[in-house]
Amino acid sequence: KGVVVAVLDTGIDSDHPDLADDIVAQQCFCTNADGTGCCPGGRTEASGAGGAEDEQGHGTHVAGIITSGGRVAPRGMAPDADIVAVRILDRTGAAASATQLMKAFDFILNSQPAVKIVNTSLVFGSFPGACDSANAFTQALAQAVNALRARGTLTVSSAGNAANKGEIGAPACLSGAIGV
């Protein structure tokens, strides 16, 4: 109860009866593959009410697993938690660039001190093990995850959905993240 969870995904259905009263902030950092914005109004960034509106459904689903009130869908694992919805994926569930993920982590670090858990049900790249120093992107991401962890915020990330038993995606492959 009272824990704030940031969901970095396709956004959130801000009118969903099980989630609407749990949303405490919305932010969008989203660019389509063609360079156009996928935030409301065709922008590449948006904030405030409706700023992270979900056009795909995955982010709403993830948020529901966490905090659904059980009115129209099953009750979530933490129905009294609050959600900071951050849209970084387009209507197909893709990101044009890893920059979108980095901007989301910067947003959480710099303007959302109440967040205690960051959930990323997404994968960038594929690595055979710990990836903290694999390339410039994973180094920067590791710094962000470690900075969050130092302030008491956990990052939980999906390991991947491609049934790849020999590799794991970022951010789950970071030593400071919890891969699931």
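The numbers here are math on the coordinates, done by the rules we state, and not lab data. Quantities reported herein were computed from a predicted structural model and do not represent experimental measurements. So basically every Cβ, Gly included, is an ideal-geometry build from the backbone, and we count neighbours across all protein chains shown.
Relative contact order of the chain, taken over Cα pairs closer than 8 Å and 6 or more residues apart, is 24 percent. Computed over the Cα atoms of region 119-180, pair by distinct pair, the Kirkwood hydrodynamic radius stands at 11.2 angstrom. Rounded to whole Å, the principal axis extents of the Cα atoms in region 23-102 read 38, 22, 22, largest first.
Charged side chains reduced to their Cβ positions (Lys and Arg at +1, Asp and Glu at -1) give region 42-180 a dipole of some 200 debye around its Cα centre.
With a ≥ b ≥ c taken as the square roots of the eigenvalues of the C-alpha gyration tensor of region 83-128, please select rounded if a/c is under 1.5 and otherwise prolate if a/b is larger than b/c or oblate if it is not?
Because a/c hits 1.5 or more and a/b exceeds b/c, region 83-128 counts as prolate.
Neighbours of VAL4 by Cβ distance under 12 Å: Lys/Arg scored +1, Asp/Glu scored -1, total -1. Taking amide hydrogens as placed 1.01 Å from N in the peptide plane, the amide H of ILE12 sits under 5 Å from those of GLU53, ASP54, each at least 5 positions away in sequence or on another chain.
Quick one: angle between helix 136-150 and the longest Cα principal axis of the chain, in degrees between 0 and 90, rounded to 10, please. Compared with the principal axis, the helix lies near 60 degrees.
Please give the helix 99-111 orientation as an angle from the longest Cα principal axis of the chain, in degrees from 0 to 90, rounded to the nearest 10. Compared with the principal axis, the helix lies near 60 degrees.
So what's the chain giving for Cα Rg divided by 2.2 N^0.38 Å, two decimals? All intermediate terms of the calculation are to be shown ahead of the outcome.
Working: Rg = 15.2 Å, N = 180, 2.2 N^0.38 = 15.8 Å.
My calculation over the Cα atoms of the chain gives 0.96.
Report, in degrees rounded to the nearest 10, the 0 to 90 angle that the Cα long axis of helix 58-67 makes with the longest principal axis of the chain. Helix 58-67 sits roughly 70 degrees off the main axis of the chain.
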